[in-house]
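Step one of this worksheet: look at the structure below.
The values are calculated or read from the model by the stated rules, or taken from the named source; none is laboratory data. In this text the structure is predicted, and so the values were computed from the model without any measurement. As a convention, Cβ positions derive from the backbone with ideal geometry for all residues, glycine included, and neighbour counts pool all protein chains shown. The protein model used for the area step is the full one, side chains on, heavy atoms only, and it has no ligands, DNA or RNA in it. Shrake-Rupley method; radii C 1.70, N 1.55, O 1.52, S 1.80 Å.
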Amino acid sequence: RLEALPKGLHNLTSLQELTIGKGVELPSLEEDGLPTNLQSLDICRNKKIWKSMIEWGRGFHRFSSLRQLTIIGCDDDMVSFPPEDIRLGTTLPLPASLTSLWIYNFPNLERLSSSIVDLQNLTKLIMESCPKLKYFPEKGLPSSLLQLEIMGCPLIEEKCRKDGGQYWDLLTHIPYVDIIDFYG
């Protein structure tokens, strides 16, 4: 029954991890609503919070210490991640500090945008339950990746097959690749 975050939450400089789940019925976040020094942020099935962060037009870029970002089932309409700012015609930026990214349960997600390649500290990428995901960026995936997990994304899984998949060459530099076909 939480209706608003406490005033001054953005001033809590020691807060390092925050999870916002579905049960939290906050109308939206103000631009300065969260501390910018968070190291871990999970947004789980909370479309209102997700949309308010996207509407800022700056995405998560201002979280300069963010290392881990998990986004679960927050946008049924999103076709590209990170999403594009329609007003500016650009992709919403993610912080360069990001080392772990988990994208889960986006039913219409079709592609990872080229800005993913710019995340040169990203070592872990997990994509799960994105049944329409079928495109990686043309430039491939970040060279820093050490772990890639793909589960329940049959279209991209097919392209990542070791025996002739279109994207297999993009994965050979990654030490740990785990592709699990939920459907087959």
### Summary
Scanning the stretch 132-156 for residues that are under 18 Å from Asp76 (Cβ atoms) and open to solvent by 50 Å² or more (accessible area, probe 1.4 Å), the one farthest from the chain's Cα centre (by Cα) turns out to be Leu155
### Query
Would you say Leu66 is touching a strand residue (DSSP E or B) at 6+ places or on another chain (Cβ under 9 Å) and modelled with pLDDT under 80?
no
### Message
Please count how many residues of the stretch 18-31 are at pLDDT below 60 and open to solvent by 60 Å² or more (accessible area, probe 1.4 Å).
### Response
4
